[in-house]
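Here the structure is laid out as structure tokens; the discussion comes afterwards.
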Amino acid sequence: MLLARNSTTAAPSAAVLVAEQQGQLTGAAVVLFRANSTIARLYSLAVDPRLTGRGIGSALITAVEKAARSRKCRFVRLEVHEKNHGAIVCYRKAGYEQFDRHHEYYEDKGHALRFEKPLAPR
């Protein structure tokens, strides 16, 4: 069973979410929040490479969006390396749309694609 949950280290400006399966850590996400902003930033999302394609990334994205809604955010934004095709597919499938690009953003001079998703209130 996949479980994505807030860790106990949530703070006013950040939340760490973890995915576990059968007691083993399978992935994690870090989402950042700014005071007086309606935009949450998905800073990091990582899935155990041996377990890709099993819905862990999608479950973490859903948990990130839930955390953002609970803090009254209306959007989630993120950056992803232009060569990270698996992540790009996952984000697009979850409803994220590219709105910008940062040139030579990463250490390898790779470009970052910027994505955003509006969050409907629940």
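Only one residue in VAL16, VAL76 is touching an Asp or Glu at 6+ places or on another chain (Cβ under 9 Å), of a type outside the set (Asp, Glu) and assigned to a strand (DSSP E or B). Which one?
Checking each option against the conditions leaves just VAL76.
Residue-wise test of (1) among the β-branched types (Val, Ile, Thr); (2) not in a strand (DSSP E or B).
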| position | (1), (2) |
| --- | --- |
| GLY86 | no, yes |
| VAL89 | yes, yes |
| GLY110 | no, yes |
| GLU116 | no, no |
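Every residue in the range 49-68 that is assigned to a loop (DSSP other than H, G, I, E, B) and either small (Gly, Ala, Ser) or touching an Asp or Glu at 6+ places or on another chain (Cβ under 6 Å) (or both), please.
GLY53, GLY55
Take ALA29 and tell me if it is touching a residue at least 12 places away in the same chain (Cβ under 8 Å) and closer than 17 Å to VAL80 by Cα.
It is true that ALA29 is touching a residue at least 12 places away in the same chain (Cβ under 8 Å) and closer than 17 Å to VAL80 by Cα.
Given the conditions (1) free of Cβ contacts under 8 Å to residues at least 24 places away in the same chain; (2) of a type outside the set (A, V, I, L, M); (3) farther than 21 Å from HIS111 by Cβ, which single one is not true for PHE99?
(3)
With the structure loaded, tell me whether SER44 is at pLDDT below 95 and out of contact with any Gly (no Cβ under 7 Å at 6 or more places or on another chain) or whether it fails that test.
Taking the combined requirement at face value, the residue does not satisfy it.
What about GLU20, is it of a type outside the set (Phe, Trp, Tyr), touching a residue at least 12 places away in the same chain (Cβ under 8 Å) and within 18 Å of LEU119 (Cβ to Cβ)?
no
Within the range 92-100, identify whether any single residue is at pLDDT below 95, over 25 Å from ALA11 (Cα atoms) and not in a helix (DSSP H, G or I), and answer yes or no.
No - not one qualifying residue is present in the range 92-100.
Could you please let me know if LEU60 is under 20 Å from VAL16 (Cα atoms), in contact (Cβ under 8 Å) with a residue 12 or more places away in the chain, surrounded by 20 or more Cβ atoms within 10 Å (Cβ to Cβ) and aliphatic (A, V, I, L, M)?
yes
The conditions are (1) crowded, with 18+ Cβ neighbours inside 10 Å; (2) under 27 Å from PRO12 (Cβ atoms), and SER70 fails exactly one of them. Which is it?
(1)
Do you know which of the residues in the range 23-46 that are touching a strand residue (DSSP E or B) at 6+ places or on another chain (Cβ under 7 Å) and among the hydroxyl-bearing types (Ser, Thr, Tyr) is farthest from GLU116 (Cα to Cα)?
Filtering first and then ranking leaves THR26.
The values are calculated or read from the model by the stated rules, or taken from the named source; none is laboratory data. The structure presented is a predicted model; accordingly, all values stated were derived computationally and were not measured. In this analysis, Cβ positions are derived from the backbone assuming ideal geometry, glycine residues included, and neighbour counts consider all displayed protein chains.
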